[in-house]
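What follows is a single structure, written as structure tokens, with notes after it.
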Amino acid sequence: MPVHKEISTFSTVYHVVLLILKVAVLYIQMLLGINKNEAVKGNSTSREKASFKDKIIDAKDFNEIVAISGYRAREHVVTTRDGYLLVVHKLEKIHSDFATYTSKPVVYMHHGLLTNSELWVLGSTKEKTLPYLLVDAGYDVYLGNNRGNKYSRKHLKLSASDPKFWDFSLDEFSYFDIPDTIEYIQNLYKTKGRDNVVSRMNWASSERLSIPNDTGSLTPISLSNSTSTLATYPTQDTVDVVYIGFSQGCSQLVASLSLYPELNSKIKMFIGLSPAIIPSNLNHPIFKLIVNQTASDNAFLYSIFGRRAILPSVSFWSTAFGAKIYEIIVDKSLSLLFGWTGVNISKDQKLVGYPHMFSNSSVKSLLHWFQIIKAGRFQMFDETCSCGLTRLSSLSSKSKAKGNRVTPFPITDHLNVPMYLFYGDSDILVDIEKTKSLIVDNNVQMQDKLKVELCENYEHMDTLWGDHVYEDVFRKILMELDKMDK
């Protein structure tokens, strides 16, 4: 486990003063006869009376968000091969102690850059919340998280305060996080021997363990939020996985499939919402200049944001400003950066979604995207250092390109998965022609497996939260999955 550095004198004094203040507040409450339990009860009553929108805004985590709509999450922890601990949420209905086992594939959903699994469950209505629709349709739904975000800031050896913890980008997301998570989920459903199940039958009888069916499969039972027993899952030799990604969640899978050709056989279908593979440059001229400068020299962005987390204080600002002011700030920022108007997303949806929208990632992961934008090429991270190059050969981009060709994600050679992509024609982060060319050109296997759906006037976030997202996107996804099951 991480070895922490010595605690500074300032930190010690700060925590002592904080403790004294808390004791003083408690003493004053006792003098005034304030009963803390009564106060908590009063707050609970107020929360019950609060609107759905206010409850979502005030929710502190994934579990609280989904509980408001009648669902619950079981938390799994995936340990990647390089030591990061990633939380994966399995979504279930609250009033269902166990699910009836079906032959439907497992659905795995992955978020985009600077977000986390909460992004998927922030719809202002159930029709705008794809995971709820999938669970209601009988699918086992898992929602993953990247290393470094709100739910995955743990490592077996590194502390999150160590810059080495944050030394990751799209390379590591694709090389470790996606394949390791998918393998973990598939292992949950693999046969582990019936002796393990039978030995737990008496203990689990109170949880209504189901009778094995003719195939030897079991329906899942509700044991705990832990995954300490694999007997809670239907035992199968293999399980089909449908991968649904949003934005960077799409590029992560595509990169993983190109790095691990064998992973293609584990994915039944890939559904991509606003698939960011090779984005166009940012909207404002100043931000375009920053992207180009950063892509030419990594030190530029590191000198501004450091080498650890980006957006480390986002939760503070979303709380401090309040939902209404924060909505205005986010809207203005998205307009400056990407030219988005947000006209297809209702005000209520923004008030619900924006406070939970952003999460930590590494500065390096943002830098990687700036490099891809500048290069116009889906490639691995470029260290942009002079190692192996003389200073003379690094003076111009032309001479540097001759001396160093950045390793690509070899998409054109290894993809072999049915794909269904949804995109908007007002989204500068999705260049659908480049994306189609990258996937289909020179790859005979994919020419009949790529299906593309245009959502007219859609911007990037509209494939999640748009006013008509159910009719334009979610209903079509449900129909495609239903058709695939038959």
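Positive-end ranking of 450, 422, 473 along the dipole of segment 418-486, with charges on Cβ about the Cα centre, is headed by 450.
With a cut-off of 14 Å between beta carbons, the residues surrounding residue 267 carry a summed charge of 0, where Lys and Arg count +1 and Asp and Glu -1. Net charge of the neighbourhood of residue 152, taken over other residues with C-beta under 14 Å away and scored Lys/Arg +1, Asp/Glu -1, is -3. Sites listed here are GluC sites (Glu not before Pro) in segment 398-486 whose DSSP assignment is loop and whose Cβ has at most 14 other Cβ atoms within 10 Å: 456. In this structure, residue 346 and residue 451 have a Cβ-Cβ separation that, at R0 = 25 Å, corresponds to a calculated FRET efficiency of about 0.30.
For residue 303 and residue 317 in the same chain, what is the full-extension length gain: residue separation times 0.36 nm, less their Cα-Cα distance, in nm? Before the final figure, lay out the partial values.
Values: separation 14, 0.36 × 14 = 5.04 nm, distance 2.27 nm.
So the extension gain works out to 2.8 nm.
Net charge around residue 472, counting only other residues with Cβ within less than 12 Å of its Cβ (Lys, Arg = +1; Asp, Glu = -1)? Kindly include the intermediate steps, with their values, before the conclusion.
Working: positive: 128, 475, 476; negative: 127, 453, 456, 462, 467, 471.
It works out to a net charge of -3.
Taking all Cα pairs closer than 8 Å and separated by 6 or more residues, the relative contact order of segment 426-486 comes to 34 percent.
Among the lysines of segment 291-382, pairs at least eight places apart or on separate chains and with Cα atoms under 20 Å apart come to 6. If R0 is taken as 45 Å, the Cβ-Cβ distance between residue 159 and residue 30 corresponds to a FRET efficiency of 0.75.
All of the numbers you see were taken from the coordinates with simple rules; none came from a lab. No experiment lies behind these values; they were computed from the predicted model shown. So basically every Cβ, Gly included, is an ideal-geometry build from the backbone, and we count neighbours across all protein chains shown.
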